[in-house]
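Take a look at the structure below.
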Amino acid sequence: MTSSVHAAWSTLGSACPQSCPQRQGISSREPRVPALLEIHMPSFCAICEVPITAANDTAEHVIPQSIGGRRTVSGFICRSCNSEAGSTWDSELFHQHHWFTVMLGIKRQRGPAPDIRIEALEGVTYAVSSAGAMTHAAPLVKRSEDGKSFQIRARDLDEAKQLVRQIHKRHPTFDVADVLSGIEFSSAPADTVMKTSFGFGGDLAGRSMVKTVMALAYSLGLPPASCDLALRYLRGDPSVEPSLAEHLVSDLIVDRPARIFNCVSVLGDSRTRRLVGYVEYFGICRWVIHLSTSYDGPDVRDTYCLDAISGEGMDLDVNLALSNEEFQASMDNLTSDEQQRAATFHAIMPLVMARRTELGREALVDHAITAATTAMGLSAGSPLDDFQLKEFSGRVARYLAENLVFRGRGNAPWNQKIPG
Ligand SMILES: [Zn+2]
C-alpha cells in the first residue's frame, strides 16, 4: 500500500532533501511512515489558516493519543487549534470511547485512562480500572446500631488505614493496631447486571475523525485545500453537510483480523476525482469520511493502523474503492442502521470481554500477592526463609484457587446493554 503511494509521488519528483526541516516534524517512532512525508510544502494551519512557524508549530496526533494514537504530524495545524481541537473534538471522541480504553487496558503514551464508573442495577456504583481491577466506587464507613463497632469498606490498604485513623481521631479508645492487623482482602465477581450505554458520532467527535483523516492525507503530502468538503465542515461552514457517515452496511476491512485495532485510511482516486477516508476505532466505530468530490491530485492510498491494546503498528488492507452507488449512499448517510449497529456490537464484544478476563486474572494475581504480603507482615524485598516461603505460596495459591474457581462458574463479570 505504502509503495503505491510512494510511486505516485515519485513521478512528481517532489521529494525534499534529507536536511528538510519538514522531515523533523514526523515522529521517529513510526517505521511505516511512507517516503511521501518528505515532501516539502509551505505550511498554513489547516483550520485557521495562520502561517505555521517554529513558534506555533505543534505535533498533532493523527489518531488522538487519548485513545492510544502514537504517530504525530507537524506543520498541519497551529498550537492554538491543536489545543482547542484537543479540548473539544478529541475530548468528546475520548469520552465516547473511554469505556473501551479502560476495558481493554490500552497503553497510552501519557499513562492509563482514568477509571470508569459503572452503575449496577441495584444502584451500587463500581470503579473499573485499566489495570483490570473493579472496586466499589466509594469507601464506606458504617457504625453498628449499638455504636460499638464499625464496618469499613475500602478500595485498598492505604484507604483502609486512612479510614481507621479517622475513626481513631473521633474515638481514641479505638485500637488502630488491632484493627489493621485484622484487615482482610476479599474479591468476588459482581454477580449483577451493569448498566452501560454507548453513543458515537455527533459534530464534535465527527470533526475529530475528519481531522484524523486530513492529518493522514497531509502526511502524504496532500495540502489541506485538497480536502475541500472536509475543510468547510471542520471550519463550521453552516451550508455544508457533515462530511462523514457511519459505515456498517459492509465491512471495508479486507480479511478483518481477529484483533481490536484503531485505523485511519485514505484513498485519492484521480479517475473518480474522489478523495475518501475511513476511520475505525475499537471495531465498533466505523466511519467513511468524504474529503473531496473534485480531487485533482495524484492517486494516493495509505492506511495507518495500530493494535489498540499494545499500540504496535499493524498491516491492514482497507477497501475504500467504493462503487458510485456505495459512495452516494454514504454521502446520503444511508450506510448504517440499528440492526447493523447491534450486529457490530455483538461481533466485537467477545474480543473485548476476553481481554477483560485476561486483565482481571492479572489483577487477581497482584491482589493475591498483596493479600499474602499484608497478612504475613512482609515488606517488599525482604528475604523469606523456607517456612515463610511455604506459607506465602500457600496463601497465594489458596486465594487464586478460591477466586478463580468461583469465577469459573460462568458468572460473567457484567453484562452490557445493546446500544441504542
Ligand atoms: Zn490554527
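What follows draws every value from the coordinates through simple rules; no lab data is involved. Predicted model only: the values in this text are computed from it and were never measured. Every residue, glycine among them, receives a Cβ derived from its backbone with ideal geometry; neighbour counts consider all protein chains shown.
Things worth noting here:
- Across all directions, the shadow cast by the convex hull of segment 321-378 built on its C-alpha atoms averages 6.9 square nanometres.
- By the Kirkwood approach, averaging reciprocal distances over each pair of separate Cα atoms, segment 44-101 gets a hydrodynamic radius of 11.8 Å.
- In plain terms, the chain from ILE369 to ALA59 could stretch by 107.5 nm, reckoned as 0.36 nm per residue minus the Cα-Cα distance.
- Ordering of 376-388, 223-235 by packing [mean C-beta count within 10 Å, highest first]: 223-235, 376-388
- Computed FRET value (nearest 0.05) for ARG271 with ASP237, which takes r as the C-beta separation and R₀ as 30 Å: 0.60
- Dividing the alpha-carbon radius of gyration of segment 149-267 by the rule-of-thumb value 2.2 N^0.38 Å gives 2.02.
- Percent of Cα-Cα distances greater than 22 Å, calculated over segment 235-327: 31
- Neighbourhood net charge (14 Å Cβ-Cβ; Lys/Arg +1, Asp/Glu -1) for ALA347: +2
- Qualifying trypsin sites (Lys or Arg not before Pro) for segment 248-327 [loop in DSSP, other Cβ within 10 Å: at most 10]: ARG271
- Convex hull volume of segment 71-183 per residue (C-alpha atoms, cubic angstrom): 174
- Dividing the alpha-carbon radius of gyration of segment 275-320 by the rule-of-thumb value 2.2 N^0.38 Å gives 1.33.
- Rg of the Cα atoms in segment 125-183, relative to 2.2 N^0.38 Å, amounts to 1.25.
- Average Cα contact separation per residue, segment 196-319, under 8 Å, 6 or more apart, as relative contact order %: 26
- Using the Cβ-Cβ distance between ASP337 and THR125 with R0 set to 35 Å, the FRET efficiency works out to roughly 0.60.
- FRET efficiency estimate (nearest 0.05) - Cβ-Cβ, VAL193 to ASP156, R0 25 angstrom: 0.45
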